[in-house]
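Chemist: Right, I'll just put the structure down here and ask away after.
The values are calculated or read from the model by the stated rules, or taken from the named source; none is laboratory data. What you see is a predicted model, and the numbers here were worked out from it, not measured in a lab. Cβ: placed from backbone, ideal geometry, glycine included. Neighbour counts: every protein chain shown. The area values use the complete protein model at the heavy-atom level, side chains included, leaving out ligands, DNA and RNA. Shrake-Rupley method; radii C 1.70, N 1.55, O 1.52, S 1.80 Å.
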Amino acid sequence: MRIARFSIDGNVAFGAVEGAGPDDLVLDIIKGIPYADFELSGVKVPLSKVRLLPPVIGNKIVAYGRNYADHAKELGNEVPEAPFAFFKPTTSMIGSGDAIEYPSFSNELHHEAELAVVIGRMCREVPRERVKDVIFGYTCANDVTARDVQKREKQWARAKGFDTSCPIGPWVETELDTRDLAIQCTVNGEQRQLGSTSQMIHSIEDLIVNITEAMTLLPGDVILTGTPAGVGPLNVGDEVAVTIQGIGTLTNKVIKRG
């Protein structure tokens, strides 16, 4: 099932995405919050009539860096032996169709296409064999990075945590085999990144075991699993799209901040 979060006429709701083609997609409005048992209302609205929002309401975004060997090498970094975690604030999240604001303190903005994992229940110290039990679903993400700031400041809070630096969406796919999914990023229709989840150094199970050893995850929390090689510059006016097999396409345009 594909679960979207959207606004229409000033109201915000979750809905199940139904339909086969892009022109006939509709949202069946969900009663309540989708992380627990829920019912479909039967009230349907065309996807074309709503504004898609980030499909989760999370407390934190845990991101993993250098989880694809070729990406680590392209930036001159060594591949870490253990998963390498950092945080992006929830204020960095935007939905598909929202604008990425080029930060005033950077001159080198990069795209990073990633598979995002959405947590479905409160969990801590999750054993490997139970990781799938705590996952709600999967979506597309773009870990937008001020690369010059990342290099200059040596830590990543500003470089990866600025407002609009975490586009996510367009919706959450709850049933998906993630072992070998194609991940693609295009800028103005030109392919920049093309990789597969099979290239991850540390698996989704590794990442969730790793982070829940340290902290509790809550429903709606997001895990970013790393980006394949091919990251590159974004400029004002560019349209960047992240497509993941079995999920869909997350599209955002870059604008000047302010």
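Chemist: Answer yes or no as to whether D133 is out of contact with any Phe, Trp or Tyr (no Cβ under 9 Å at 6 or more places or on another chain), among the acidic types (D, E) and buried (at least 18 other Cβ atoms within 10 Å of the Cβ). If you could, list the steps in order and put the result at the bottom.
Modeler: Working: out of contact with any Phe, Trp or Tyr (no Cβ under 9 Å at 6 or more places or on another chain): yes; among the acidic types (D, E): yes; buried (at least 18 other Cβ atoms within 10 Å of the Cβ): no.
Answer is no for this residue.
Chemist: Within segment 104-125, track down each residue that is surrounded by fewer than 19 Cβ atoms within 10 Å (Cβ to Cβ) and in contact with a helix residue (DSSP H, G or I) (Cβ under 8 Å, 6 or more places away or on another chain).
Modeler: Quick first cut of segment 104-125, residues surrounded by fewer than 19 Cβ atoms within 10 Å (Cβ to Cβ) only: 104-105, 107-108, 121-122, 124-125.
Result: F105, N107, E108, R121, R124, E125.
Chemist: Further, regarding this structure: For residues that are under 11 Å from R124 (Cβ atoms) and in contact (Cβ under 8 Å) with a residue 40 or more places away in the chain, scanning just segment 210-223, find the one that is most open to solvent (accessible area, probe 1.4 Å).
Modeler: Narrowing segment 210-223 to residues under 11 Å from R124 (Cβ atoms): 211-218.
Those left that are additionally in contact (Cβ under 8 Å) with a residue 40 or more places away in the chain: 211-213, 215-218.
Numbers: I211: 10, T212: 0, E213: 127, M215: 50, T216: 53, L217: 0, L218: 53 Å².
Result: E213.
Chemist: Looking at segment 160-181, which of its residues are touching a residue at least 24 places away in the same chain (Cβ under 8 Å) and over 22 Å from I3 (Cβ atoms)?
Modeler: K160, G161, F162, D163, T164, S165
Chemist: Does at least one position in segment 243-257 carry a residue that is free of Cβ contacts under 8 Å to residues at least 60 places away in the same chain and either assigned to a helix (DSSP H, G or I) or not polar (S, T, N, Q) (or both)? Walk me through how you get there before you give the answer.
Modeler: Looking only at segment 243-257, we keep the residues that are free of Cβ contacts under 8 Å to residues at least 60 places away in the same chain, and these are none.
No, segment 243-257 contains no residue that is free of Cβ contacts under 8 Å to residues at least 60 places away in the same chain and either assigned to a helix (DSSP H, G or I) or not polar (S, T, N, Q) (or both).
Chemist: Please go through segment 62-71 and give me each residue that is in contact with a Gly (Cβ under 9 Å, 6 or more places away or on another chain), buried (at least 19 other Cβ atoms within 10 Å of the Cβ) and not in a loop (DSSP other than H, G, I, E, B), ordered by number.
Modeler: Result: A63, Y64, G65, Y68, H71.
Chemist: Here's something else I'd like to know. Quickly run through segment 1-55 and pick out the residues that are open to solvent by 50 Å² or more (accessible area, probe 1.4 Å) and under 19 Å from the mean Cα position of the chain (by Cα).
Modeler: M1, R2, R51
Chemist: With surrounded by 14 or more Cβ atoms within 10 Å (Cβ to Cβ), at pLDDT 95 or above and assigned to a loop (DSSP other than H, G, I, E, B) as the only criterion, which of G58, G97 stands out?
Modeler: Values: G58 fails: at pLDDT 95 or above.
Testing whether each residue is surrounded by 14 or more Cβ atoms within 10 Å (Cβ to Cβ), at pLDDT 95 or above and assigned to a loop (DSSP other than H, G, I, E, B) leaves just G97.
Chemist: Scan segment 221-237 and tell me whether some residue there is modelled with pLDDT of 95 or more, more than 25 Å from T91 (Cβ to Cβ) and hydrophobic (A, V, I, L, M, F, W, C).
Modeler: Going residue by residue through segment 221-237, those that are modelled with pLDDT of 95 or more are 221-237.
Checking the rest, the ones that are also more than 25 Å from T91 (Cβ to Cβ) come to 228-230, 232.
So of that shortlist, the ones also hydrophobic (A, V, I, L, M, F, W, C) come out as 229.
Taking every residue of segment 221-237 in turn, at least one turns out to be modelled with pLDDT of 95 or more, more than 25 Å from T91 (Cβ to Cβ) and hydrophobic (A, V, I, L, M, F, W, C).
Chemist: Would you tally the residues in segment 224-252 being more than 22 Å from K60 (Cβ to Cβ) and either open to solvent by 10 Å² or more (accessible area, probe 1.4 Å) or polar (S, T, N, Q) (or both)?
Modeler: Keep residues of segment 224-252 that are more than 22 Å from K60 (Cβ to Cβ), which gives 228-241, 243, 245-246, 248-249, 251.
Narrowing further to those that are either open to solvent by 10 Å² or more (accessible area, probe 1.4 Å) or polar (S, T, N, Q) (or both): 229-231, 233, 235-239, 241, 243, 245-246, 248-249, 251.
Number of matching residues: 16.
Chemist: Might you let me know whether segment 169-178 holds any residue that is open to solvent by less than 20 Å² (accessible area, probe 1.4 Å), on the phi > 0 side of the Ramachandran plot, of a type in the set (G, A, S) and assigned to a strand (DSSP E or B)?
Modeler: yes
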